[in-house]
Amino acid sequence: MVNPRLYTYQSRLALGAGQSAWLDAYAALYGRAERGLFAALQAGSSDLNALKREFLVRHGLTARQFNAMRISLQGKIDSIVVSRAERVATLTRQIRHAVTVIGRLEEQAPGSARLHQKRRRLGILHARLDQIQADQKAGRVRLCFGSRKLFRAQFALAQNGYASHAEWKADWQAQRDAQFFVLGSKDETAGNQSCQASVEEDGTLTLKLRLPDALAAEGRYITIPGVHFAYGHEDIVAALLSSQRVQIQTKHDKPAYRRTGTAISYRFVRDVKGWRVFVCMAVRAPVRTTHRQCGAIGVDVNADHLAVSEIDSSGNLVRTLRIDLATYGKSRQQAEALIGDACVVIAEFASAAGKPVVHELLDFARKKAELEATGARYSRMLSSLSYSRIITNIDSACFRRGVETIAVNPAYTSVIGAVNHAKRHGISVHMGAACAIARRGLGLSERPVVRSGHVPARGSGHVTFALPVRNRAKHVWSLWAGVKRSLQAAHAAHVRSDRERAKARSRSAPSAPATRPMGAIQTSGVRSPGANRHQHCSGDVCSNPRGCAQG
């Protein structure tokens, strides 16, 4: 059985001046209390019960409102702590690469400006890494309420559109007090004790928000009618209607009543247009419409497109699909819209075929290393690749349509696709990688099907290389590790050969047709496909041993 998933929906609130003022006051009180709680926790206060009693009196909050603030703050702290490990790994990799580049430049271009900048960059990376490691050792968390970007804007007021420091400070204070969180629970009425939604006759929702005690001089509740969600409104209504009272028996065999339903949490956020409300709740999975016995659909994420390959239950390729997805140069909203549309196409494609979708495990560092750029244009596209967002949207779109998703290890899928499937099926290496991903999702064989690799090269042409001998005492991935090294060496040699030929052509341009002598012959550096086979051959193996000896 598929477990429910958390979904978040948002809607713009149509508020009057009085309602907006109450939400502003709530957010200001919430922001002060949250920053105070963070300071107390960083100072070493570990008794949460004592902090709770103090904050309830000092800020005039209810116990439920304090719990919501504490859980929201703890989530922010945990996200920073968890991201440290990834940040340390990224900085370590960047430092290692910078050291390699500096060593090469010291030999090729000593005293150059580029070498100087690379050394400065290396010092900056070391400083960042030392700071993160020091924070980890001390248990310190750096959290800037209001965003660091806006905080640094005070040091360049004119460049950021501010006429004075007072104007910046007003924006800074408004940004720090621009949201508050209301925690829900499944055993509370309408899934939330502090903010209860009710369904009206016209289908819209009316929110009844409990104000903090410090703001309850004129009333304890504020009512917000006419709330409608463009997406997920039916799911929210279903969650509200699932709340009911059931009779239970206590341990003393006495009848009692308990509320059951779906927990619904709310977050109110203010932006330049006004207030928005975000609703977060668990959504049950629909009936599954796919089965692995029908086959699978593999998805390979690339810098400018998604490669999709469909296979049958035996692993044979059925058809392929390319979905263009260029996010470079797009705003965040535009990129999210493009990614969402592409993922919907994949989910509907899988639903129509009745097959699960297979994608790689979420490991952006490894995927980015496999998609390592060879030029400035490809590097820019790669930097804009939102790999994690693409995978999340694929899972979400498939979940809503009852399509199963399978996550597999991404090791060597690109190499397997290039060697085993690209030439064999007449498809691109990315389609081949998608085919390899789909086969891995079904647990099919990954043995090499050829003895020599014949892989398209970047730009034009192809490269050929002999596959290493397999040691059957080891896992098949040990073989593919050797194939990957051979393929990388072949690509590097191909690039060097292209550069050398380009330099040779520039040094000695061919003569004009009118002056070219009769019978002139131009030699080509292209070797026959079987050229590698005639290297280091014995006389009884090659059909032309004299030619081999001469070669």
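The values are calculated or read from the model by the stated rules, or taken from the named source; none is laboratory data. This structure is a prediction, so every number in the text was calculated from the model and none was measured. Quick reminder, even Gly has a Cβ in these numbers, built from the backbone with ideal geometry, and neighbours come from all protein chains shown.
Here is a yes/no grid of residues against (1) under 30 Å from Y30 (Cβ atoms); (2) of a type outside the set (K, R); (3) in the same structural domain as Q131 (by TED's automatic domain parsing); (4) without any contact (Cβ under 8 Å) to a residue 12 or more places away in the chain:
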{"site": "M69", "(1), (2), (3), (4)": "yes, yes, yes, no"}
{"site": "S72", "(1), (2), (3), (4)": "yes, yes, yes, no"}
{"site": "K76", "(1), (2), (3), (4)": "yes, no, yes, no"}
{"site": "S83", "(1), (2), (3), (4)": "yes, yes, yes, yes"}
{"site": "R87", "(1), (2), (3), (4)": "yes, no, yes, no"}
{"site": "Q94", "(1), (2), (3), (4)": "no, yes, yes, no"}
{"site": "G103", "(1), (2), (3), (4)": "no, yes, yes, yes"}
{"site": "E106", "(1), (2), (3), (4)": "no, yes, yes, yes"}
{"site": "Q117", "(1), (2), (3), (4)": "no, yes, yes, yes"}
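For the range 462-476, how many residues are in contact (Cβ under 8 Å) with a residue 40 or more places away in the chain and loosely packed, with under 15 Cβ neighbours inside 10 Å? Residues in the range 462-476 being in contact (Cβ under 8 Å) with a residue 40 or more places away in the chain and loosely packed, with under 15 Cβ neighbours inside 10 Å: 1 in total.
Which one is modelled with the lowest pLDDT, of the residues in the range 459-496 that are assigned to a helix (DSSP H, G or I) and β-branched (V, I, T)? Steps first, answer last, please.
Initially, the range 459-496 is screened for residues assigned to a helix (DSSP H, G or I), giving 476-496.
If we keep only those that are β-branched (V, I, T) as well, we get 476, 483, 495.
Numbers: V476: 84, V483: 84, V495: 74.
Here the residue is V495.
Looking at I427, is it out of contact with any Ser or Thr (no Cβ under 7 Å at 6 or more places or on another chain) and of a type outside the set (K, R)? So I427 fails the test.
Here are the criteria: (1) modelled with pLDDT of 75 or more; (2) surrounded by 10 or more Cβ atoms within 10 Å (Cβ to Cβ); (3) farther than 30 Å from L321 by Cβ. Tell me which single one N532 does not satisfy. With (1) modelled with pLDDT of 75 or more; (2) surrounded by 10 or more Cβ atoms within 10 Å (Cβ to Cβ); (3) farther than 30 Å from L321 by Cβ applied to N532, the lone miss is (1). Taking the range 236-277 as the search range and keeping residues that are in contact with a Gly (Cβ under 8 Å, 6 or more places away or on another chain) and part of a loop (DSSP other than H, G, I, E, B), which one is modelled with the lowest pLDDT? The selected residue is S243.
Evaluating G75 against the criteria (1) part of a helix (DSSP H, G or I); (2) under 22 Å from the mean Cα position of the chain (by Cα); (3) over 18 Å from S194 (Cβ atoms) leaves one unmet condition, (3).
Per-residue answers, yes or no, for (1) surrounded by fewer than 15 Cβ atoms within 10 Å (Cβ to Cβ); (2) modelled with pLDDT under 95; (3) at positive phi:
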{"residue": "Q136", "(1), (2), (3)": "yes, yes, no"}
{"residue": "R142", "(1), (2), (3)": "yes, yes, no"}
{"residue": "G146", "(1), (2), (3)": "no, yes, yes"}
{"residue": "N160", "(1), (2), (3)": "yes, yes, no"}
{"residue": "A163", "(1), (2), (3)": "yes, yes, no"}
{"residue": "W168", "(1), (2), (3)": "no, no, no"}
{"residue": "F180", "(1), (2), (3)": "no, no, no"}
{"residue": "G184", "(1), (2), (3)": "no, yes, no"}
{"residue": "N192", "(1), (2), (3)": "no, yes, no"}
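Residues that are within 23 Å of V57 (Cβ to Cβ) and either at pLDDT below 90 or crowded, with 21+ Cβ neighbours inside 10 Å (or both) within the range 196-222 comprise L209, L211, P212, A216, A217, E218, G219, listed in sequence order. Restricted to strands (runs of 3 or more DSSP E) entirely inside the range 175-219, those with at least 2 residues that are in contact with a Leu (Cβ under 6 Å, 6 or more places away or on another chain) and touching a residue at least 12 places away in the same chain (Cβ under 8 Å) are 195-199. For S112, are the conditions met, namely being among the hydroxyl-bearing types (S, T, Y), closer than 30 Å to S45 by Cα and assigned by TED's automatic domain parsing to the domain that holds Q42? Here the answer is no, as S112 does not meet what is asked. Taken together, the residues in the range 326-349 that are under 22 Å from L442 (Cβ atoms) and touching a Lys or Arg at 6+ places or on another chain (Cβ under 8 Å) amount to 2.
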